[in-house]
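See structure below.
The values are calculated or read from the model by the stated rules, or taken from the named source; none is laboratory data. Computed from a prediction, not measured in an experiment: that's the story for all the values here. No Cβ is skipped: glycine too gets one built from the backbone with ideal geometry, and neighbour counts run over all protein chains shown.
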Amino acid sequence: MLTLNATTQLKDIAYLPEETLSIILEALITIDEAYGADMKAMGYGGIVVVLEDKDDLPDFTHLLAAYHLDLETMLPEFVHLVTCSNGQLYCHSLILNGSDFGIIVLSPLEITPGSLMRHLHH
């Protein structure tokens, strides 16, 4: 599982499909512009989480629990399908925790948790 909170981390994920990189970049820029480094350090803004394989799911569940969120009962703001030019399908989700913190989740369709899949909008 990758957890990102700064555009400087993009070089570490250059291997991901272009469409997912675009979503990640947009999210990180928005967080930086809206909250800045000082506010992020205080727990405001958000993070981007990339699930890469099924082994990431326990870590993702633990991460959510740290923000007092339960994977099975949370209600995502949205879950969208992303079709990549290489044929891969990803889910792009936004989970809000209060009014000042969001978790943007990208995961290959085949490992996306069922609790997010229930809310998938095609």
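Quick notes on this structure:
- Number of the exception - residue 91 against (1) over 17 Å from residue 1 (Cβ atoms); (2) modelled with pLDDT of 95 or more: (1)
- Condition check for residue 112: among the polar types (S, T, N, Q) and crowded, with 18+ Cβ neighbours inside 10 Å: yes
- Check on residue 26, surrounded by 11 or more Cβ atoms within 10 Å (Cβ to Cβ) and more than 24 Å from residue 118 (Cβ to Cβ): yes
- Just one of the listed residues (73, 61) is surrounded by 14 or more Cβ atoms within 10 Å (Cβ to Cβ) and over 24 Å from residue 26 (Cα atoms), namely 61.
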